[in-house]
Every structure is written in structure tokens, then in C-alpha cells.
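The values are calculated or read from the model by the stated rules, or taken from the named source; none is laboratory data. Only a predicted model underlies this, so the values are computations on that prediction, with no experimental measurement involved. Don't worry about glycine lacking a Cβ; one is built from the backbone with ideal geometry, like all the others, and counts go over all protein chains shown.
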Amino acid sequence: ERSTSSFSYSSYHTLEEIYTWIDNFATEHSDIASKIRIGYSFENRSILVLKFSTGGSQRPAIWIDTGIHAREWITHATGIWTARKIVNEYGKDRIVTNVLNAMDIFMEIVSNPDGFAFTHSMNRLWRKNKSSRPGIFCIGVDLNRNWKSGFGGNGSNNSPCSETYHGPSPQSEPEVAAIVDFITAHGNIKALISIHSYSQMLMYPYGHTLEPVSDQEELYSLAKNAVQALYEVHGMEYIFGSISTTLYVASGITVDWAYDSGIKYSFSFELRDTGRYGFLLPAAQIVPTAQETWLAIQTIMEHTLNHPY
Amino acid sequence: QMNFTGDQVLRVLAKNEKQLSLLRDLEGLKPQKVDFWRGPARPSLPVDMRVPFSELKDIKAYLESHGLAYSIMIKDIQVLLDEEREAMAKSRRL
């Protein structure tokens, strides 16, 4: 009988292996975890979310997604490790126990299943999804440019052949629309954490404009604490700040849409690498990367729990 | 599976905004050839770009002619991909 205990958390896995793991994980931890299908990808693959809940209804919740850019394999691996950490720590770790006694957690581990499958089958360095449209030669839309906030602005590209192609219209991509519909219907998401790689940054809105968000001070302080907690694990230095002032102007991105939708604690991680392997981070760095990221995620979760709004 | 033998990732340190825009121009000069792993953002941040083997000579000449300092971050992408695939296969066997 296959189970999550025979699953290697320090290796990279195919889409099929991850989906099998999700099934096993939800079965083995059915007291706290369940699997939800929030939609279908362009190529009709299921889009799956793990829900962590200890009861109640319509509780405030935290959303975590990984893998929106297909080639960023370290993010899916970190998501899987984090899911196991949550169930292992509930009842032991003070923060996790307090959070789950009052809130739910939703984790979408493979936000771009078609693109991820393509990185295993054809092109390891593919970034976008796999949507195609009549009369358009190039395939795929950058799912982190397809959101409504600032859609089509600077830092996204109108050319379908570009790696940052924003798509024909906001939420044109089923992978984005599925998240928008789920979060909008839920209506009580209080924090959103979207995990990318690489360049070791922790950022908050806005990306589409240099204008600071109204909660800039609080988000800056929270990011600073989270980055410090992360640093103390393995000494990895992250920079932090708003996307447009820390990295570059980027329009139509997840965290801008989340913030504009009322989710104050919206953050985007850029995990390792420091500049040796890029997207090809060796599997030996999966666990240390996940361990340090976990401390930053915990910091954000605890702040969200202690600052209801 | 696409093969990336000989493809390299160059790390470019742009000194100023002008040099950053020279890098941005590359996306237009060589459409679908240059793949920015870390896009041109600000002078304090490195730019990492994957260059197909067939374009290496042109791109390096372009960088050198514009005084753009670069280093080779990944000498041959396919070598890392083969290692990654072997590690996955080994893990699966285990």
C-alpha cells in the first residue's frame, strides 16, 4: 500500500506523484486535511487544494500557493514539505495549534499543472501555462500577469511569445480564474502567500505601481520579522519590501489582486537560489529551503491570527 | 525533452539604468532567444539570462561591446538537468 511515509520529501517529483501524494496525505490525515478540486486547467487537469481545518465554519483562513511558474520546482517541493509540517506540528507547536484552532489553511501546491507536467515531459525551463488560442503562434500565458489589478500595465507583455505575456484579458486563464472564484466565494481569506523562486526576497504589494499601499508600514515590519526568522535557520539573507521598489514594476500579479480584494497580509516569496543554480536548485537544498521558509510563513500566520481585521 | 547542451546562464551586473535598458533591448533584438531567469530590475540586482549555445557568441559580443560585465553562472545547463534527472530516478528506485 503506497503511503506518504514512503514519499521522499527531499526529492523532486512528477505531477502524477504529487497528485497521488495529495490523495494519500488527505486520507492519512483526514482528521485535519481534505482535498478540494477548485477547477480544471486549460488542458483539463484537476486543480487541487489541500484544506487544513479543525472544525467550525467560515473561519478566517490563510491561502498559500506554490508552482504558479512551472519551472520553479523548489516551490512545489517546499509546499509538500510545509503541508506535512502543518499536520505534524498541530497539537505540538504553539503557533500552528493556535492558528488551526481559530483559522483554516488552504494550500494549492501545483497552481500550474499543465506547465509543470510540460517541464517533466518536454521543456524543463517552461514558465507559463499551456493555453493556446486560434491564430496565435506562441503558447502559454504568464499566470502571474493575468490578474485584474493593474492588468496589462508596465512589467507585463502584450506579445504572446513573451515569457511575461499577460493573456487576452484579466483572469482569462482557468488556473487564475479558479483561484479568484474560490477566494471570492470563500470571502474570509485573511492572508495570501504566493511562493516563487528564485532570488531570496519577501515582498508585498504593490507591483504595478510605485505607490505604497495603505498598510505599508505594517507589512514592512511583518516582512522584516519574517525575514529575520528565516535567516536564523540557515543564515540565508533575504531582501524585502514592496515588489515595485524591491524588484521591478510588474502588473497583473497575484498579490496586488489579493490586496485590492481586501486581503491585507498578501506576500510573495522568492525562494533560493543565491546565484549558482537558478531554477535548477539541487534536491539536496529542498529541505533546508523548506525549513527556513517555514519560519517565515509561521511569522506571517501568527501575525494574521493576532491581528484580526 | 528539449536538450539544452551548451546553453549557458550568464550573470550580468549592470552598473546603471542605461545598461539595464541595453539588457531589456536584448529581448527585442533576440526574440525568444534570451530567457531572463532574473530580469533586468535595478542596478543593485544581478540579471541572470539563459543563452542558447547558438547565440552565445553574439550575445557575449553584445555585452562586451557595451561594457556590460558578466560571469558564467551555469556553464552547461544540460549537465545540471542530467544530474537532476538522475537524482529523481535514484530517489524513485529507493
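Couple of notes before you dig in:
- Members of segment A:272-309 found to be surrounded by fewer than 20 Cβ atoms within 10 Å (Cβ to Cβ), within 18 Å of the chain's Cα centre (by Cα) and aliphatic (A, V, I, L, M), listed by number: A:287, A:295
- Qualifying residue in segment A:150-168 (condition: within 14 Å of chain B (Cβ to nearest Cβ) and surrounded by 24 or more Cβ atoms within 10 Å (Cβ to Cβ)): yes
- Some residue of segment A:221-239 being in a strand (DSSP E or B) and within 27 Å of residue A:188 (Cα to Cα): no
- The listed residue being within 19 Å of the chain's Cα centre (by Cα), touching a residue at least 60 places away in the same chain (Cβ under 8 Å) and either farther than 19 Å from residue B:46 by Cβ or within 14 Å of another protein chain (Cβ to nearest Cβ) (or both), out of A:263, A:239, A:243: A:263
- Inter-residue pairs, beta-carbon under 7 Å, first closer than 14 Å to residue A:16 by Cα and in segment A:40-52, second among the acidic types (Asp, Glu), 6+ apart: A:45/A:114; A:47/A:175
- Flag for residue B:64 being more than 13 Å from every other protein chain (Cβ to nearest Cβ), more than 25 Å from residue A:154 (Cβ to Cβ), without any contact (Cβ under 8 Å) to a residue 40 or more places away in the chain and part of a helix (DSSP H, G or I): yes
- Test: residue in segment A:285-297 that is at positive phi and at pLDDT 95 or above: no
- Residue within segment B:70-84 that is of a type in the set (Phe, Trp, Tyr), facing another protein chain (nearest Cβ under 9 Å), in contact (Cβ under 8 Å) with a residue 12 or more places away in the chain and not in a loop (DSSP other than H, G, I, E, B) present: no
- In segment A:177-192, the residues that are assigned to a helix (DSSP H, G or I) reach residues that are aromatic (Phe, Trp, Tyr) with C-beta atoms within less than 7 angstrom, at least six apart or across chains, in these pairs: A:183/A:63.
- Considering only residues in segment B:36-51 that are of a type outside the set (A, V, I, L, M, F, W, C) and at pLDDT 95 or above, the one that is surrounded by the fewest Cβ atoms within 10 Å (Cβ to Cβ) turns out to be B:46.
- When the test is whether a residue is more than 14 Å from every other protein chain (Cβ to nearest Cβ), farther than 24 Å from residue B:80 by Cβ, β-branched (Val, Ile, Thr) and not in a helix (DSSP H, G or I), residue A:255 does not pass it.
- Of the criteria (1) surrounded by 17 or more Cβ atoms within 10 Å (Cβ to Cβ); (2) not in a strand (DSSP E or B), which one residue A:269 fails: (2)
- Elements of the type helices (runs of 4 or more DSSP H) sitting completely within segment A:1-106 and holding at least 3 residues that are closer than 23 Å to residue A:198 by Cα and at pLDDT 95 or above: these cover A:73-89.
- Flag for residue B:21 being away from every other protein chain (no Cβ under 12 Å) and free of Cβ contacts under 8 Å to residues at least 40 places away in the same chain: yes
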